[in-house]
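Below: the structure, in structure tokens.
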Amino acid sequence: MINTANGMISTSSSSANAQSPGLKTYFKTPEGRYKLHYEKTHPSGLLHYAHGKTVTQVTLAHLKDKPAPSTPTAPSSSFSASSGVRSAAARWLGSGNGSRALGFVGGNGGGKSVSSTSRMGSLGASSSSNSMTNTNFDGKGTYLIFNVGDTIFISDLNSQDKDPIKSIHFSNSNPVCHAFDQEAKDGHDLLIGLNSGDVYTVSLRQQLQDVGKKLVGAQHYNKDGSVNNSSRCTSITWVPGGDGAFVVAHADGNMYVYEKNKDGAGDSSFSVIKDQTQFSVAHARYSKSNPIARWHVCQGSINSIAFSFDGLYLATVGRDGYLRVFDYSKEQLVCGGKSYYGALLCCAWSMDGKYILTGGEDDLVQVWSMEDRKVVAWGEGHNSWVSGVAFDSYWSSPNSDGTGETVMYRFGSVGQDTQLLLWDLEMDEIVVPLRRGPPGGSPTYSTGSQSSHWDNVCPLGTLQAAPSIRDIPKISPLVAHRVHTEPLSGLIFTQESVLTVCREGHIKIWMRPGVADSQSSNSETVLSTSSKDKALLSSKVGSSSYKQ
Amino acid sequence: MGAAGSKLEKALGDQFPEGERYFGLENFGNTCYCNSVLQALYFCVPFREQLLEYYSSNKNVADAEENLLTCLADLFTQISSQKKKTGVIAPKRFVQRLKKQNELFRSYMHQDAHEFLNFLLNELVDILEKEAQAAKNDAETSSPPEKTANGPKNPQANGVQKEPLVTWVHKNFQGILTNETRCLRCETVTARDETFFDLSLDIEQNSSITSCLKNFSSTETLNAEDKFFCDKCCSLQEAQKRMKIKKPPHILVIHLKRFKYIEQLGRYKKLSYRVVFPLELKLSNTVEDADSEYSLFAVVVHVGSGPNHGHYVSLVKSHNHWLFFDDENVEMIDESAVQTFFGSAQEYSSNTDHGYILFYESLGANNKS
């Protein structure tokens, strides 16, 4: 097969995974079509040399009208889509699209011919961003916060604009992780962790109000690596219901607990880690110091951390391939286990706290049961490392009318194979394959094998070795869809959509079945910008600027 | 050079491993394909140790006649017996011998590192086999030392060769593939075994080694023009074929087929695909559920956008540190830097440093063969 772009030829073997086009703007599930609704990206002219070294992560932040005085609604943390989103969406979609034409010019990146115009588009966007900011900052809104290179970008989730409304540059190091506290009553709600190990807390609203390109009103922790010798931040999270406490995980296998209401870092020294191989928690020697505690979790990097929604448990995954689950307040290891092989890269809790998903370098999505304290299923379907996992907490099982005794979960995963996979997990269906026995052989009751103690729950506070391939039930994905041309780095479920993001900082928003339909033709226009008739359509939308 | 050496020593400080030597190799004009593979082999510790042992116990043989084996052993001995911990060595004798031996490598053209590795391993085996044969003819009384070491393992190579000699090169690198063909009419499975020193894998954009291995062992249907002659049915039948690993090697060498012949162009093209490789790996395409774990210890990297030019470097893990060997230069790198050699997700990328040959060592030494 000949792909004549620029005279280069790609072979048929590669065509299955060919570059750019061929990406569908929808995918089908049993409940209907998910449609590509919006894309969010960043001005491509801003790519820096260091760009390739950091991977884009995305955080969803919902700013309310006023600081809510009461009711920390069920799921704290970032994703509360709710009705606010819908009304905001309606507002943006309702307005004419004349003024938004510039947004299209940034185009889908890709071709060289576009780059000149996209720079132009980005200029337009940044000049228009001030006015946008002003109209938007103290209204309600749902924002996407994502890092690319040395910059944090903020986009309005519900506007059609591809380009961000705000960019914040970091001169010292690249931002690599961030988290937003939905329930923050006052003060700072946004956490940003840097490649240098530095940590900032800021108010998102304040950033949106400011017209500059620098972080404003920030509290700076671990300045110049004063706490931990500048080990890279890898993951950052607020403690649910933790009254402003947050946890930062680092590449050196340590986590630090900070309190935002305390003054910035005073003198915080911790005792020397006696045994690098052992889990240990050290508390700050002085009451004034911030961080207040150091958790030494493992050797090698901690790659991702996640709190259960009730804040009781903290899960970590890392380079050593282990998932570890801690009782956060008791500071104790509850359970955990090793991947099939290789590092684990991501983890996520189910809403009810019964299951944890992990994904990693063995290309598997693991389902960990908190009840059984072991892996209960392996999801096979990715052709490369699994970089993001999440339960769809808004999905309700078709047989959840109270009669069915089986509980079903829907979850998603994204990988470096550029695919989004959706999975259904029905616990009754998962049969322990050991009962069947392997063909022509006796079941292995070898020492250390999981199978020998399948019926016994593992003792509290122990880590399990890698399971044998025969002992874990396999599940297959419901849907596999190639969503980007670049390896993916994360996904988020909202009430209306699934959001996917690739390492290079392009975000796609896929509307759930039913949702996109009601939002009419306007979304169709957006969709078509990424397809082949892009030039045609976008010239229809904003011809003058496109022709430049 | 000396300065670079001391820089590495400084970087390692008192963590410099006891008795270990980190020496760059001089380039004699496009011999980086050779240097990069030699470094990977040098830091393949079981191979190095057995080579040095062989050399010291066969000194007299070595004096008698120079060959690629003695030249390699000589070079490794030279490196390991250096007084200084770091520096540069000229692998002159080895390269001269190589060029004498094989005209392919005689020119100053850019050569393929995988071809070289393959040639070298086969050459070493040939030499060892000849020596064993000679020793056997010399005196029937003393048996060749290597042959009986792994006694009960030998019969597995049925029909591959007559009385295959298992040398220490085999013990390190050789694995056995089995080619299973199932006749769709009578369901009879015909299995044919073949040995290998490395696995050459087809690659796809944005995939992993795990996935490439899976594809390697995926089932292929033989039909239409390409039917299978079933001995039981005595006729051409449709059949299903798949390759499985019957005996995983101790050192698993994986070659990524990055150089692909493109018919339309009439020439080879380099595939810059992003293929991720984990630092630990298990083989799932084995006949028995092996579950034995491999650990990555070396990567030969091809630098450049085309197949006929470019450069080779290698990444090597030694005593839990990763080192970067670029001919004369040796640097310490962070483990996370290995990721920068996966390849590019986009066709036109400025990054042209791509992992080309991967070396994994089995961790479960007693667990499996």
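Under the Kirkwood approximation applied to all pairs of distinct alpha-carbon atoms, what is the hydrodynamic radius of region A:159-221 in Å?
12.5 Å
Could you state, as a whole-number percent, how many of the C-alpha pairs of region B:2-362 are farther apart than 39 Å?
Roughly 20 percent, once rounded to a whole number.
In the structure shown, do any of A:166/A:288; A:508/B:282; B:130/B:171 have a Cα-Cα gap over 24 Å, and if so which?
Distance filter (> 24 Å) returns A:166/A:288; A:508/B:282.
Where nothing but the Cβ of Lys and Arg (+1) and of Asp and Glu (-1) is charged, how large is the charge dipole of region B:2-362 around its Cα centre, in debye to the nearest 20? Write out the running numbers ahead of the final one.
Numbers: 40 positive and 49 negative charges, 79 e Å.
Magnitude of the dipole: close to 380 debye.
Between residue B:263 and residue B:194, with labels modelled 7 Å along Cα→Cβ, what's the label distance in nm to one decimal, could you check?
Modelled inter-label distance: 2.1 nm.
For residue A:271, what is the net charge nearby, where nearby means another residue's Cβ is under 13 Å from its Cβ and Lys, Arg count +1, Asp, Glu -1?
With Lys, Arg at +1 and Asp, Glu at -1, the net is +2.
Provide the net charge surrounding residue B:219, with neighbours chosen by a C-beta distance below 10 Å and charges set as Lys +1, Arg +1, Asp -1, Glu -1. Let's see the in-between values first.
On the way: positive: B:182, B:241, B:242; negative: B:180, B:220.
Overall, the nearby charge balance is +1.
Over 28 Å between C-alpha atoms is what I'm after, so list which of A:162/A:223; A:35/A:354; A:40/A:214; A:53/B:244; B:257/B:317 land there.
Pairs exceeding 28 Å: A:162/A:223; A:35/A:354; A:53/B:244.
With unit charges on the beta carbons (Lys and Arg positive, Asp and Glu negative) and the dipole taken about the Cα centre of region B:2-362, which residue among B:323, B:309, B:125 sits farthest to the positive side?
Positive-most Cα among the choices belongs to B:309.
Please report the antiparallel percentage of the DSSP beta bridges confined to chain B, to the nearest 5.
Of the beta bridges lying entirely in chain B, close to 85 percent run antiparallel.
Can you list the chymotrypsin sites (Phe, Trp or Tyr not before Pro) in region B:103-135 that are in a DSSP coil and have 14 or fewer other beta carbons within 10 angstrom?
The qualifying sites are B:108.
Picking from B:352, B:51, B:72, whose Cα lies most toward the positive end of the charge dipole for region B:2-362 (charges on Cβ: Lys, Arg +1; Asp, Glu -1)?
B:352
Relative contact order for region A:162-234: what percent, with Cα pairs under 8 Å and sequence separation of 6 or more?
So the answer I get is 31 percent.
Chymotrypsin sites (Phe, Trp or Tyr not before Pro) within region A:204-313: which are DSSP loop residues with at most 10 other Cβ atoms inside 10 Å?
For chymotrypsin sites (Phe, Trp or Tyr not before Pro) across region A:204-313 that sit outside H, G, I, E and B with at most 10 neighbouring Cβ atoms in 10 Å, the list is empty.
Taking chain B as a Gaussian network, Cα atoms linked when under 10 Å apart, which of B:28, B:324, B:76 shows the biggest mean-square fluctuation?
Looking only at B:28, B:324, B:76, the largest GNM fluctuation is found for B:28.
Read the figures in this text as sums done on the coordinates, not as results from a lab. The model shown is predicted, which means the values in this text are computed figures rather than measured ones. Positions of Cβ are generated from backbone atoms using ideal geometry, with glycine treated the same way; all protein chains shown enter the neighbour counts.
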